[in-house]
Each structure stands twice: as structure tokens, then as C-alpha cells.
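The values are calculated or read from the model by the stated rules, or taken from the named source; none is laboratory data. Please read all numbers here as calculations on a predicted model, not as lab measurements. Here Cβ is always computed from backbone atoms with ideal geometry, including for glycine, and neighbour counts include all displayed protein chains. Note: accessible area is taken over every heavy atom of the protein model, side chains too, but ligands, DNA and RNA are not part of it. Shrake-Rupley method; radii C 1.70, N 1.55, O 1.52, S 1.80 Å.
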Amino acid sequence: MPRQRFDTSVPTVLVRLDRNPFHHGTLGAARSLGRAGIPVHAVIESSTSPVARSRFLHSVRVRPGTDSSAGLAALLRRVAAEITDDPSHPVLAVPLDDVSALALAGHRPGLVPRFLLPEQTEEQLLRVADKAALAETCAGLGLPHPRTELPEGADEAAAMAWSLGLPVVAKWSRPWLLPAGHGLRSTTIVRSLAEVRELYARTAEAGSRLLLQELLPAGRDLDWFFHGYVDSAGHCSTGATGRKERSWPDGAGLTASGRWTVNPAVDRTARELLDALDYRGVCDLDFRLNSATGAYHLLDFNPRPGAQFRLFTDPDGLDVVRALHLDLTGRPVPPHSPVYGRRFLVENYAALSLLASPARRYAPEPGGGRGRTECAWFSADDPLPALAMGRAWLAHLLRRALAALRGALVARRAGPAVPPAAPPARTSTDQLTPR
């Protein structure tokens, strides 16, 4: 029998301002809480989203037309009034993307006690959610982090990329500000100085600063993550490490397949960082091992549930989202029981990763042990989201293929491209060879 005793009178509103209809973490949260008997509602991009087909969602509201945090706060107050009769009855709000987490933290004083939220401020979250601020935070704490540069112009960006060694990782410091439909990605691997210049030229369009990072080599068993929940007293009893087996884009993207695997070094580093930050709430941290030094470098810190958080579901069904509900409703959070070998598979992205890199990218489990696999979309007790996702995914791939075909035809008619400018000359103190 589950050790958790939930207050099922407290409903939950899942909040996501991101317009991504394939966000499987939202579905995971709906299923996790819904299976515990908790009423779950959602504010997402569309009432026709595949997630909206889940039988565990009581209602779906469409996100505000803009990313205004004030607009989101006003919408949440209306939602609370609609789903509860008593204006003093609490409602749990769970952000599932960075912009929602920042909005809720920024408006926390005006939302509590009607809404149950961790003790967070927008300023605290920006220290880790903003990619440039995260680099500064790591430097201040002496935490391994890829060498990072913040250029002030296109020429400086090219020079910094050359110094870091091509290819480099290019990130927008506040990816939640990226405009939809403009083709800008939060993280890109750039392989030429021309690409660096072109990307920097879109800074105003992106809405935040471009930063360049040294690319730590990808490889087998190098990518890890930590998911945890820090309760109101500052304890992180619900926390675990996982190994990224496949990602999309391959080698530098989200987890397409992951496995619950013990890693004391990553676990210790993550918990020490949470203590140093005096962090509260759910978090998702990404690490990559620098095989040359043996150090685990923190790549990203997401102040909300990671999309693959369901990987760390123990035998009693406890995960970080359930821990959040238990803690903020005044219930005890039982100890997390590890299930090493448990696997989480995101069907659509795993298929793309397999096509791009058929060879296995990970070592077998010690002793050959394998655990249960949970799929992100398909579930026997909730099959409709997977069917809806499959239809939407095929339509998405078809649109991408047609767009690529049109682009190729236009490029062919335009003739040969102008060769990029020569790289800046190296000095005697700058002898790095691009990788």
C-alpha cells in the first residue's frame, strides 16, 4: 500500500506557458497526481493538445495570449474561483516550464495563501534559470561549469568562439523569451564563425544575451541528471540521479531515454548546491562528465519538474510532484525508495535518436539488471494522449519535411552561397585549434 496520505480536497493546477504540444512532463504530472485521487486542472497552450486528452485532467484552460506574468496570475485566480466553491480553499499550482516558475515566484506574495507555492522569489530562480547567471553562480561557488563567454558584439563573438575552440555551444541566457515560430533554439552547437556571427545578429530578436560555452565532448555514459524536491524545512528526501542514454538532438538535447542509476558524485554535488542556494521546491539539474578531468560539470538548472521526472517513481508511486503536494498540504513526505535500473522512454524523440545514431550509447547495467520501462505517452490506463500525440507528431514531421524541401528548392535557384569571411588572425598567445 502507498505510504503517502494525500489531502485530495486540495486540487492542483498545472501551469505551462510554453507552446510546445509535445511536452510529456505535463502529462506525467497529470497522471501522477490524478492516480492519487487529486483533482488536476491545466493551463496549457491549447485545449486540443494531446495532453488535454488525458482522463486524469478535470479541465483545461488555454494559457494567456502573452507571456505576461500579471496575466497569468489573474487567470489563475479565475481558475481557482471556478474549481473551488470556498474562496479561502487552497489550490496547489505546479509550474512545468521556466517562465511559469518565474511568473509564479514573482507574484507569490499576491497568490498565497489561496495558492500553495514553495518559498521562492523570482530573483532566487533567476540565479539558476538565467544561463549567464548560472555561470556566475557556479563560478562563485567553485562548481565545475563549462567555460563560458558573453560577447558584446559579432566580432567579439567570433573571436571568443575561436578561443573556446570550434564547435561551441551557443545558448540564449533567457530562452523563455524566444519568440515562437522564428526558428531560434535555446541551445545550438555552432561549427563555424559565420554561424556564430549570424546567431549573434539575432540577439534583439531573441530577447536575451547570447552566451558561448566550451563544448564538453559527448560520449558513452557521460550525461547525467538529478531530480529532487526540497521541502519547506530544507530537506531533500526525494532526490535521485539518472543516466541519459539517448537524447534529441543527439548528444546535446532533451532526454529521450534515461535510466535510474546511482551516481554518488552527482548526487552529492547536487545536494551541496541546493544547500548553498537555500533552495526550496522541485528542481532538475543536468550534468556532463569531463572525462579528461573526472569532474561533473553542471550544464543546466531548471527550477521546476523536468520532463522526465516520472523516471524517479518509487515502488509506492512517490515522485517529486507528489512530494510537492504532500509537503505543501502539511503531509509528511516519506523516504524515497530507489528503483535502480528503472527506465523512462519518450517514444517520439527516442525514435528520432535511434534513426540518427543506431549504435547503443550507454553501457549495460551492472550484472545485466534491467528495470521496468515507463513510456512518456503510452499508458494502458490512459491511452488517448498517445494516440493524439501520434497524429500530431506525424503532421509535425510532414510540415518540417515540406519546409526543408521548399528551402532546398529556394537555395538551388539562388545559386552558390558566398563563402564566409576568414577567421580572425591568431596571436602568439592564442594557439587553440578548433575541435
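What the table shows:
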read-out: Test: Val91 is under 23 Å from Gly25 (Cα atoms), in contact with a strand residue (DSSP E or B) (Cβ under 8 Å, 6 or more places away or on another chain), β-branched (Val, Ile, Thr) and open to solvent by 60 Å² or more (accessible area, probe 1.4 Å); value: no
read-out: Residue in segment 155-178 that is more than 30 Å from Leu14 (Cα to Cα), part of a loop (DSSP other than H, G, I, E, B), over 24 Å from the mean Cα position of the chain (by Cα) and not hydroxyl-bearing (Ser, Thr, Tyr) present; value: yes
read-out: Scan of segment 49-88 for residues that are of a type in the set (Val, Ile, Thr) and open to solvent by 20 Å² or more (accessible area, probe 1.4 Å), ordered by number; value: Val60, Val62, Thr66, Ile83
read-out: Some residue of segment 78-95 being under 23 Å from the mean Cα position of the chain (by Cα), among the hydrophobic types (A, V, I, L, M, F, W, C) and over 22 Å from Phe6 (Cβ atoms); value: no
read-out: Enumeration of residues in segment 64-87 that are within 21 Å of Leu324 (Cβ to Cβ) and not in a helix (DSSP H, G or I); value: Thr84
read-out: Pairs where the first residue, in segment 361-380, is farther than 25 Å from Leu27 by Cβ and among the acidic types (Asp, Glu) and the second is in a loop (DSSP other than H, G, I, E, B) and modelled with pLDDT of 60 or more, C-beta under 6 Å, 6+ apart; value: Glu365/Gly341
read-out: Residue that is surrounded by the fewest Cβ atoms within 10 Å (Cβ to Cβ) [pool: residues in segment 340-363 that are of a type in the set (D, E, K, R) and either at pLDDT below 90 or farther than 24 Å from Phe309 by Cβ (or both)]; value: Arg360
read-out: Neighbours by Cβ (under 7 Å, 6+ apart or cross-chain): first from segment 44-69, touching a residue at least 60 places away in the same chain (Cβ under 8 Å); second open to solvent by less than 20 Å² (accessible area, probe 1.4 Å) and assigned to a loop (DSSP other than H, G, I, E, B); value: Ser54/Asp382; Arg55/Asp382; Phe56/Asp382; Asp67/Leu17
read-out: Pairs where the first residue, in segment 119-138, is closer than 26 Å to Pro109 by Cα and the second is among the β-branched types (Val, Ile, Thr) and surrounded by fewer than 21 Cβ atoms within 10 Å (Cβ to Cβ), C-beta under 6 Å, 6+ apart; value: Arg127/Thr137
read-out: Single residue of Gly242, Gly258, Gly234 found to be of a type in the set (Gly, Ala, Ser), more than 28 Å from Leu150 (Cα to Cα), open to solvent by 10 Å² or more (accessible area, probe 1.4 Å) and modelled with pLDDT of 95 or more; value: Gly234
